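The values are calculated or read from the model by the stated rules, or taken from the named source; none is laboratory data. For clarity, every value in this text was computed on a predicted model and none was experimentally measured. Methodologically, a virtual Cβ is constructed for each residue, glycine included, from the backbone with ideal geometry; neighbour enumeration extends over all protein chains shown. The accessibility values were calculated without ligands, DNA or RNA, using every heavy atom of the protein model including side chains. Shrake-Rupley method; radii C 1.70, N 1.55, O 1.52, S 1.80 Å.
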Amino acid sequence: MHFPNLKMTIGRIRYLLSRSLGSTSSLKRGVCKYSTVAAIDEPINPPVKVNYTQLLINGNFVDAASGKTFETLDPRTGEVIANVAEGDVEDINRAVSAARKAFDEGPWPKMTAYERSKILLCCADLLEQHNDELAALETWDSGKPYEQAAKVEVPMLVRLFRYYAGWADKIHGLTVPADGPYHVQTLHEPIGVAGQIIPWNFPLLMYAWKVGPALACGNTIVLKTAEQTPLSALYAANLLHEAGLPPGVLNVVSGYGKTAGIALCSHMDVDKLAFTGSTSTGKVIVEMAAKSNLKPVTLELGGKSPFIICEDADVDEAVELAHFALFFNQGQCCCAGSRTYVHERVYDEFVEKAKARAVQRSVGDPFKQGIEQGPQIDPKQFEKILGYIKAGIEGGATLETGGGKLGTKGYYIKPTVFSNVTDDMLIAKDEIFGPVQSILKFKSLNEVIQRSNSTTYGLAAGVFTQNIDTANTLARALRVGTVWINCYDIFDAAIPFGGYKMSGHGRERGVYSLSNYLQVKAVVTPMKNPAWL
C-alpha cells in the first residue's frame, strides 16, 4: 500500500517553507551560493528598540540587587546590543517570594478559570499586534532569519497562548466509583510556584511552552531566560502584564546558570521545575531538585535524531526535506534530523543532490529578505561546531561541501555536508547543534532500526517512504517521542513533544503538558443510605 498524497504533502511543505523561510524561491533562481553578505555588507539596522533590560519582579522592572549587568551580543557582528540586569541569588529569592505571595494570597489561583482565560486571550491579541517588534528582537538577539521569526515563530507564540487560554476553564477532576458507600472525587489543583528555565535557540516559543500551561492551570512562575537571549521574553512578559496579569504571577530573571539557575533549582519554596536545554545540565538540575525539596522536574533535552530515507523515496523530495530537517534554525534545533540514513540504492544520488542543495543555501544577515541561514548564537557555539567539523574530517568522513566559517565578522558557518559517515564517528554520535549534515548508508529495515535506536537520545525521528507498511513498522520500532512521516518539524500547539531515554521526561504542548503543572487530590466522603452507588 502506498501514500497517494505524498507528492501533495511535499508540495504543501515546500509551499509553507517558501512563505515562511523563503527557500523555494531561492531554489528556483539558483543564485544563492554561500551568500557572503555577512562579510561584505554593513549589517541592517534592526527595526526595533530595546526597551526592557531589567528584571521583572512582582509586576515591576527593577535592577539586580547587586547592580550588575551583562552584555547580550549581536551574533551578526559580536557587538553589544544592550546591557541586561544580571540576576543572582538575592534576585531569585525576591522573585520566588513574590511568586509565593501571589499564589498563596493573590487573586490569580482564586480567579475563575474563565477570568484567567480572558487574560491569556488578551495577551495573545497583544502579542499578535506586536508581531514585528517581537520578531525583530528575536532575530537581533539570536541570529535566526527575520522571516522565520515573523512568519512562523511569533504566530505560533500567539497560537500557543490562545490554545492554553482555551484549556483554562476545561481543567477538572473526576467522580470515581468506590467499593462502598463513599462519594469520591478527584481535584486537579495548581502545583504552586513553578521555576522555569528556557534555552537560547527558540526563546519565544519556549517561553510559550512553559508559561502558557503553567498559567492556564493557575500557577505562579519564576522564569530564567538564557543569558544569550534575554530580550524577547522580557518584552513578551510586559505585554502579559498589560493584558491584566496580577503582580507576582510571572517573574522574569535574566542571568547565568551557575548563579541564578542554581538558586532557582535549589530553592526550597519552588514547587516545580521545567527545563529545556542540554542533557548534561538536565542531570544537574534533577540532582539539585532532589537534594532540595524533591520538587518534580520536566525535562526537554538533547537529541541525535535519525532521518531515514527508504529505497522507494523520490530523491529530489527527500533531499529537500532532509535539508530542512537538519539546517533549519542554523542547525540549532534539539530535534534536528542530524543522522541522515539513506538506503544504499539511492545513496549516491542523494549525496550529490544534498551537496548541491547545501551549496545553494543562502547565508547572510538574517534581516535580509530571502536569507535561509543566519549566524550561530555566540563564539562558544561557533567554535564548538567548527571543532566537530574538524573531527569529521579527521575521523575519515568525506567532506562534500562547506567545512568552515563564512566571512570575517560574526558567527557564520558554511552549510556543511559529510558523506561516508559511520556510526562510530563523533559527528554521528554527538549533538553538534549546527549546520552539519551527516549522511550514512543502510541496507535493510531491521538494520536501520537497530542503528537508529543505538543512541542515548530519543527525541525525534523522520521517515521518508511511500510504503505505509514500512512507515508503520518504523513508527512503532523507533524509540523516540515524535516520529514525522514524510514531513518534519511539524509543530502544532496540540501535538505533545518530548523524549525517550536521555532526551528527557514529561511532555510539553498539548493536553499532556497540563499534567506537569497540576496536583491530583482524592477527596473521600462517607454517604449515609445512598440511593445508588
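Results for (1) outside any strand (DSSP E or B); (2) buried (at least 22 other Cβ atoms within 10 Å of the Cβ); (3) touching a residue at least 24 places away in the same chain (Cβ under 8 Å), shown as yes or no for each residue.
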| residue | (1), (2), (3) |
| --- | --- |
| Gly244 | yes, no, yes |
| Lys258 | yes, no, no |
| Leu264 | yes, yes, yes |
| Asp269 | yes, no, yes |
| Ser280 | yes, no, no |
| Asp316 | yes, no, yes |
| Leu321 | yes, yes, yes |
Can you tell me how many residues within the stretch 494-515 are open to solvent by 20 Å² or more (accessible area, probe 1.4 Å) and either outside any loop (DSSP other than H, G, I, E, B) or touching a Cys at 6+ places or on another chain (Cβ under 6 Å) (or both)? 6
Taking the stretch 396-421 only, how many residues are acidic (Asp, Glu) and crowded, with 24+ Cβ neighbours inside 10 Å? 0
Scope the stretch 451-493; condition among the hydrophobic types (A, V, I, L, M, F, W, C), open to solvent by 20 Å² or more (accessible area, probe 1.4 Å) and either over 29 Å from Ala208 (Cβ atoms) or in contact with a Lys or Arg (Cβ under 7 Å, 6 or more places away or on another chain) (or both); matching residues: Ile468, Ala477
Only residues that are in a helix (DSSP H, G or I), touching a residue at least 12 places away in the same chain (Cβ under 8 Å) and open to solvent by 50 Å² or more (accessible area, probe 1.4 Å): list them for the stretch 90-117, please. Glu90, Asn93, Arg94, Ser97, Lys101, Tyr114
Looking at the stretch 163-196 only, could you name the residues that are touching a helix residue (DSSP H, G or I) at 6+ places or on another chain (Cβ under 7 Å) and either of a type in the set (Lys, Arg) or open to solvent by less than 20 Å² (accessible area, probe 1.4 Å) (or both)? Tyr164, Ala165, Ala168, Gly192, Val193, Ala194, Gly195, Gln196
Of all the residues that make up the stretch 369-384, how many are surrounded by 19 or more Cβ atoms within 10 Å (Cβ to Cβ) and touching a helix residue (DSSP H, G or I) at 6+ places or on another chain (Cβ under 8 Å)? 7
Scan the stretch 42-72 for residues that are under 21 Å from Leu223 (Cα atoms) and within 26 Å of the chain's Cα centre (by Cα) and report the count. 11
Out of everything in the stretch 282-303 that is among the charged types (D, E, K, R) and out of contact with any helix residue (DSSP H, G or I) (no Cβ under 7 Å at 6 or more places or on another chain), what residue ends up being surrounded by the fewest Cβ atoms within 10 Å (Cβ to Cβ)? Lys291
Could you figure out which of (1) hydrophobic (A, V, I, L, M, F, W, C); (2) out of contact with any Ser or Thr (no Cβ under 8 Å at 6 or more places or on another chain); (3) in contact (Cβ under 8 Å) with a residue 40 or more places away in the chain isn't true of Val286? (3)
